[in-house]
1. What's the extension gain from B:Glu241 to B:Val24 if we count 0.36 nm per residue and subtract their Cα-Cα distance?
2. Check B:Leu232: other-chain or 5+ apart residues with amide H under 5 Å from its amide H, H built from backbone geometry?
3. For the pairs B:Lys59/B:Lys142; B:Lys45/B:Lys252; B:Lys28/B:Lys252; B:Lys59/B:Lys247; B:Lys28/B:Lys230, flag any whose C-alpha to C-alpha distance is greater than 18 Å.
4. On average, how many beta carbons from a partner chain sit within 10 Å of the beta carbon of a residue in B:227-240?
5. Give me the extension gain from A:Ile55 to A:Thr144: residue separation times 0.36 nm, minus the current Cα-Cα distance, reported in nm with one decimal.
6. Could you tell me what fraction of 2.2 N^0.38 Å the Cα radius of gyration of the stretch A:2-241 comes to, as a two-decimal ratio?
7. Could you pull out the GluC sites (Glu not before Pro) across the stretch A:1-104 that fall in loop regions by DSSP (anything but H, G, I, E, B) with no more than 16 other Cβ atoms inside 10 Å?
8. Tell me, rounded to the nearest percent, the portion of alpha carbon pairs in the stretch A:1-62 spaced more than 15 Å apart.
Amino acid sequence: MDLVAEWFRQLYDTTGINLTIVYDAYDRQRFISGVGMTIYLSVVSILISIVIGAIGAWAQGSPLRAVRAAVNGFVVVFRNTPPLVQIFFFYFGLGQILPRVENEDGMMVQIISNVQWAIISLSLFAGAYNVEIFRSGIEAVPRTTTEAAEALGYTRMGVYRHVLLPLALRICLPALNNNLVNLLKTTTLAYAIAVPEALYVSKQIWNDSQNVPVMMTVLLLLYTGLVGILVFIMHRWERALAIPGYGQGAAK
Amino acid sequence: MAAAAPVTQNEFGWTPDQPLIRLVDVHKSFGSLQVLRGVSLDVRKGEVICIIGPSGSGKSTLIRCINALVPIDSGTIRVEGQEVNDPDLDKLALRRKVGMVFQQYNLFPHRTALQNVMMAPINVLKQNRKEVEVRARALMAKVRLQGKEDAYPGQLSGGQQQRVAIARSLAMRPDVMLFDEVTAALDPETVKEVLVTIRELAEEGMTCILVTHEMGFAREVADHVYFTDKGLIVEHGPPAEFFANPKDERTKAFLGQVL
C-alpha cells in the first residue's frame, strides 16, 4: 500500500496529476464513502421507483376515475418539473413546514434528513416515468391474453399480478433500463442539499487539493463504471426473463 | 312431486333436471349496432350445442355473454340457476363452472404448457400445488401432449397450443365448456387433432357449446344445432334434420354456401 501511495505521490510530483484519493488516507476515505452514498441512493431509489411504477400503472387501469386522475396528476407534476426544483421543494419547502425534532446532540433538526428527502424525491421523479413505462408495456399485452385470464376466474388484481405485469415487464425492460440509468446519474442532484454523495465529496476534495481537472476525470470514469454495472445487471435480467419462442427469446 | 326422490338444490335453487344454461330474450348492442336481438336457448347437462351462422351474426358475442366477458343489455342468462346479468354477480363462482377456449388460444406466453394448465387452480382456487400438478399432467396426457409439458407456447404449433388451452380450461373442472371458433385459426391438418379432443370430451358427457364453422363436425357431434343470423336464432334442431332439411330461406342459403 505504501508503495502504491508513494508511486502516486511520485506521479503528482512529475506530472501534476494529483490523485489524493489514492495516496491520502483522509481523501480516500471521503471518496469511498461518497461513492457508497451514490450507490445507496441509486439502489434504494431504483427499487422504490420500480414499485411506484408498478403500483401507478395498475392504478391507472382502475375503474375509479378519481384514482386514475390522481395517478395522472402525479405523473404530470413529476414529469413536467425539473428534478432539482423537486428536490428543493421537498427539502427547503416541505422540510421547513414539517415539525422539527431534537437529535441526540440536542439540536433541533428536520424530521426527515437530507438523505431521506433525496431518496423520496428521486424515487418519485423516476417513479413518474416508470408509471408511463409500465403503462406502455401493459398496453402492448394483447387484450385477448388478459381476457383468457379473466375467463379463468382471475380478479383484476390477479390478472395484473400473474399475467399483465410479468408480460409488460418484459416488453418495457429496455425503456425501464434507460430510465434507471438516468436515475443513477440524477443522484448527483442530491449535491444541492448537501448529501455527501460522489460529486459532493469530490468537490470537497478538489477544494482542498486544487485538483479540479483530475477529480472531474475521476468522476466521469466513476459514473461510466457505475452505469456500466447497472446496464450489465439489467441486461442479465433481460436475458433471464426472455421467453423461448416469444419476443426477443424467439430468435434463440 | 311429493313422492319423487329429493333432488339436490344448489344455492340458486337450481336442480340438475333443469337446463344447465338458460338464455331468455337476451339483447346486446355495441353502440348503435344490435348484436343480439332477443336470443333464447336452453342447454341441458351433457348436451353438445353447435352455433353456426355467418360472420357478424352474434355467435361469439352470444357465448361470451354466458361467462360474463360481455355484459348484456337485457334479458336473463342463468348458469346452474346463477343469474349472470346481476350487478353483484360472483364472477369467480360463475367462471369456475364455465370453461372457455378461444380462437387465438390466448395461452400465457411466459409460462410453460404445464404451468399454463396449473396457474388458475393454484392462483384462483388456491388448490394444493402438488395435487394440481398431478391433475395437470393427466390433462396434458389426455390432450395427447405428453412430453410437451416444459415447452413454452411459442414453441408449440397452433393445434398443440389450442389443446393446452383446452387442458388449461379443464383444470378448473368446469361444468360446461365454451368453444369460440377454436379451429378457425388452425391449418387444416391440425384442425383434426383439436376436434378429436373436443369429441372425446363430448363423449365423456361434458356439456359443450361450440361456435364453429366446421359443419361436418357439428353434424357429427352436436345434439342440437342453432343457426343465427343478424342477432337472432333463425332455426334450430337436431343435426340430422337441420342439415338434411333446413326450413328457413336464410339457413338454406348459408348451408348452400358452406357445404
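1. Numbers: separation 217, 0.36 × 217 = 78.12 nm, distance 2.43 nm.
Fully extending the segment from B:Glu241 to B:Val24 adds 75.7 nm.
2. B:Arg37
3. Working: B:Lys59/B:Lys142 28 Å; B:Lys45/B:Lys252 30 Å; B:Lys28/B:Lys252 26 Å; B:Lys59/B:Lys247 20 Å; B:Lys28/B:Lys230 12 Å.
Pairs exceeding 18 Å: B:Lys59/B:Lys142; B:Lys45/B:Lys252; B:Lys28/B:Lys252; B:Lys59/B:Lys247.
4. 0
5. Working: separation 89, 0.36 × 89 = 32.04 nm, distance 2.25 nm.
Contour length minus Cα-Cα distance gives 29.8 nm.
6. Values: Rg = 22.2 Å, N = 240, 2.2 N^0.38 = 17.7 Å.
The reported ratio for this selection is 1.26.
7. Working: sites: A:Glu6, A:Glu102, A:Glu104; in loops: A:Glu104.
Taking the stretch A:1-104 and a limit of 16 other Cβ atoms within 10 Å, the loop GluC sites (Glu not before Pro) found are A:Glu104.
8. On the way: 1264 of 1891 pairs.
Considering the stretch A:1-62, 67 percent of its Cα-Cα pairs are separated by more than 15 Å.
The values are calculated or read from the model by the stated rules, or taken from the named source; none is laboratory data. For clarity, every value in this text was computed on a predicted model and none was experimentally measured. Quick reminder, even Gly has a Cβ in these numbers, built from the backbone with ideal geometry, and neighbours come from all protein chains shown. Calculation scope for accessible area: heavy atoms of the full protein, side chains included, ligands and nucleic acids excluded. Shrake-Rupley method; radii C 1.70, N 1.55, O 1.52, S 1.80 Å.
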